[in-house]
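These notes are about the structure you will find just below.
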């Protein structure tokens, strides 16, 4: 280390220390604590006694059918985010960027609007749409001419994620549209003009010029979508009612919450919840790793 | 960099950080001289319970400027979530809305925060005969808002019944006979918030299983191991749900109706009967419907054993109680008890009675006003005449209770059989 660097070290430490301390206490400590907790039977309500139980929480989790059900639902949410919200957001942004519709600002605001609403409020709104004799059921009744017909997809584990996928797309597509639009606006118009002069069609411009230029943005959006999908709790929690619907639509964060905070019969429930949350992080890292790998392979 | 510059930089950092710390300290010291009672209250700004709470705290603090009721008010699931989170985080309130059973009392019990109020309750003020013991040695962990909480009430709209030429059912078959009449009128016989899992257990099955077994304590005995949840009694009780759907008394779509929609259906006269607990009486805001409402127990059910005719399931009502932590500081304890006495004043208790929040008061020498709304009189009359049985989630908790509640939703929507649900519940009960 140079003498000048050594002299600057105290200043460096003084400047870095506050942020570092906050990071250590707010981010690093809870992660470390959660990992430790998941290998114990610690229950903070039991007087601080704990024993090391090894991988018991993890083996219990892998044997729990609710875990696999929640993981399946979570992967559906990830798929909806990555293959639904992002492409739709991209296409909408492209339509607006290329001014293929009139009233660009109106549509931009309209699609982005859900971002201004509280997720809980959105969840309750969608719940109202799906309830017995609610707006969607009424439409079904009118179309089918059966006054008893109901929108029942929320009742079945196999179909519950379909209406939820619609809600997820409605809520979050606007955010990705805005990200893509902001990046599209940075593209030099001359590139598109040159492609046009070379005889490129609109689809060729989109696929051969725009998509490669925004590969980095697509990757970042995918990472955001994956991370957001795996920790997503509020929308699905509020869109479903307590009981059958919520169990059908259970994703890992809800499974973690119910295991850690509601199942009083499991005295190790906090440690079990910690194990589930750690697995959520691991799955996130794996998926993000895969998306980066795919991103590198398709880098232009 | 010169030492002088380093010093100036350090000074700048200090100047930036210290005032914020100081400001935080000043904020905490803002309540200087006051006894602060950290409280978890129940309600929200849109319901009577929450509005009354805010009003009571404001007037109490005005009369007692040396006491600060520092409360956090939450309602429904948000309350349950926050209780668990606060207890786990060690952020224990001094005073809280709580119960003593498996649904409302377990978190406090597990955290060792239940405090026996017995010696602090003035027997000349509270009628201790009306506050049931909450543990083995007669402990009283909370002061209930009222006497026992009836959870399995049939709210009957007598105006609609009269219009359709119907009379109060004495047997379940009488309800079945109402189905074609109600359908012709474009309404339902029964509305229940079947989208909420807990409603099936608390508001329906608690009554059914007691009637089918003839044992008012069937649930608590089953949890203790004396009976089994896959006994024929339980399977028959769960099968009754199928029968209700087949008979048209209960509609399959009930599993898509949530709490708000259920009350709204009844308020808007879309059903002859509503299944819920006594507390909903205050939520019947249509005055015509409220005045025409009779609160009754389930009529005689098919297969019901003799001895429990007209019974309702009822649990010790929730209320407010000191935590062990709150009681450990005599100043806080005395301030909280003073507030509780104010909260349970005759005037406020009368208001609670009028609002339909309680069945009957737990105060000594309480004179019931003669001008109570008719629906409140209905409630008091039901409490006086109906024998009480166990409420399921007062004894059954965790995964087993969840399996039972969702299982009933699956039975009604045709996804499970009573036998499957009963076996799953039994496999999850921890004794």
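Taken together, the values in this text are just the output of simple stated rules run on the coordinates, not laboratory data. This is a predicted model, so every value here is computed, not measured. Positions of Cβ are generated from backbone atoms using ideal geometry, with glycine treated the same way; all protein chains shown enter the neighbour counts.
If the viscosity is 0.692 mPa s and the temperature 37 °C, what translational diffusion coefficient in µm²/s does Stokes-Einstein give for chain B when Rh comes from Kirkwood over Cα pairs? Translational diffusion coefficient: 139 µm²/s. Taken along the Cα-to-beta-carbon direction at a fixed 7 Å, the label points for residue A:158 and residue B:171 span 4.1 nm. Quick check on the protein assembly as shown: of the DSSP beta bridges with both residues there, what percent are antiparallel, nearest 5%? The antiparallel fraction comes to roughly 55 percent. Taking one quarter of the surface of the C-alpha convex hull of segment B:175-228 gives a mean projected area of 5.0 nm². Helix B:172-184 and the longest principal axis of the Cα set of chain B meet at an angle near 90°. What residues from segment B:394-425 fall in the zone where the backbone N is under 19 Å from a label point 7 Å along the Cα-to-C-beta line of residue B:242? It comes to B:404-425, nothing else. Measuring spread by the Cα atoms of the protein assembly as shown yields a radius of gyration and Dmax of 29.9, 100 Å. Here r is the Cβ-Cβ distance between residue B:128 and residue A:55 and R0 is 56 Å; the resulting FRET efficiency, rounded to 0.05, is 0.60. Across segment A:12-83, Cα-Cα pairs more than 14 Å apart make up 76 percent of the total. Listed from fewest to most Cβ neighbours within 10 Å, the set B:323, B:350, A:55, B:39 follows the order A:55, B:350, B:39, B:323. Inter-chain Cβ neighbour count for B:109-117, averaged per residue, equals 2 (cutoff 10 Å, partner chain atoms only).
Rounded to the nearest 10 degrees, the inclination of helix B:418-428 to the longest alpha-carbon principal axis of chain B is 30 degrees.
Note on residue A:14 and residue A:145: the model spin-label points, each 7 Å out from Cα along the C-beta direction, lie 8.4 nm apart. Helix B:398-412 and the long axis of chain B differ in direction by around 40°, with both axes built from C-alpha atoms.
Rounded to the nearest 0.05, the FRET efficiency derived from the C-beta distance between residue A:5 and residue A:286 at R0 = 56 Å is 0.90.
Between the C-alpha center of segment A:144-174 and that of segment B:154-169 there is a gap of 36 Å. Can you give me the Cα centroid spacing of segment A:44-95 and segment A:8-36 in angstrom? That distance is 27 Å. At a temperature of 4 °C and a viscosity of 1.567 mPa s, determine how fast segment A:61-297 diffuses translationally according to Stokes-Einstein, using the Kirkwood radius over alpha-carbon pairs as Rh; express D in µm²/s, rounded to the nearest whole number. Using the Kirkwood radius from Cα pairs, D works out to 65 µm²/s.
Which residue fluctuates the most in chain A, going by a Gaussian network model with Cα springs under 10 Å, if the choices are A:94, A:33, A:176? Result for chain A, Cα springs under 10 Å: A:33 fluctuates most. Secondary structure note: in chain B, about 50% of the DSSP beta bridges are antiparallel. Modelled this way, with points 7 Å down the Cα-to-C-beta line, the labels at residue B:365 and residue B:328 are 3.9 nm from one another. In angstrom, the C-alpha Rg and Dmax of segment B:266-357 are 19.3, 57. Mean partner shielding of peptide B:83-95, defined as the number of other chain Cβ atoms within 10 Å of each residue Cβ, is 2. When chain B is treated as a GNM, springs tying every alpha-carbon pair under 10 Å, which of B:378, B:402, B:110 comes out with the largest mean-square fluctuation? Of B:378, B:402, B:110, the Gaussian network model singles out B:110 as fluctuating most. Ordered by the number of other Cβ atoms lying within 10 Å of each residue's own Cβ, fewest first, B:147, A:109 fall into the sequence A:109, B:147. Segment B:247-302 and segment B:178-226 have their alpha-carbon centroids 13 Å apart.
Based on Cα contacts under 8 Å between residues 6+ apart, segment A:61-297 shows a relative contact order of 30 percent. What's the percent breakdown of Cα-Cα distances in segment A:182-300 across 5 Å bins, shortest bin first? Using 5 Å bins, I get a P(r) of 2, 10, 14, 13, 12, 10, 9, 8, 7, 6, 4, 2, 1, 0, 0 for segment A:182-300. Per residue of B:395-402, other chain Cβ atoms within 10 Å of the residue Cβ number 4 on average. Specify the residue with the greatest mean-square fluctuation among B:385, B:211, B:103, computed from a Gaussian network of chain B linking alpha-carbon atoms under 10 Å apart. Maximum fluctuation in the GNM of chain B, among the listed residues, is at B:385.
Calculated FRET efficiency, residue A:66 and residue A:21, Cβ-Cβ r, R0 30 Å, to nearest 0.05? E between residue A:66 and residue A:21, to the nearest 0.05, is 0.20.
Where only DSSP H runs of four or more residues are counted, the protein assembly as shown gives -16500 deg cm²/dmol as its mean residue ellipticity at 222 nm, each run worth -39500 (n - 2.57). Assuming a ≥ b ≥ c are the square roots of the Cα gyration tensor eigenvalues, decide whether segment B:25-132 counts as rounded (a/c under 1.5), prolate (otherwise, with a/b larger than b/c) or oblate. Rounded is the answer for segment B:25-132, as its axis ratio a/c remains below 1.5.
Here the residues B:354, B:55, A:4, ranked from fewest to most Cβ neighbours within 10 Å of their Cβ, fall in the order A:4, B:55, B:354.
Within segment B:300-431, all pairs of alpha-carbon atoms sorted by distance into 5 Å bins from zero give the percentages 2, 8, 12, 11, 13, 14, 13, 11, 9, 6, 2, 0.
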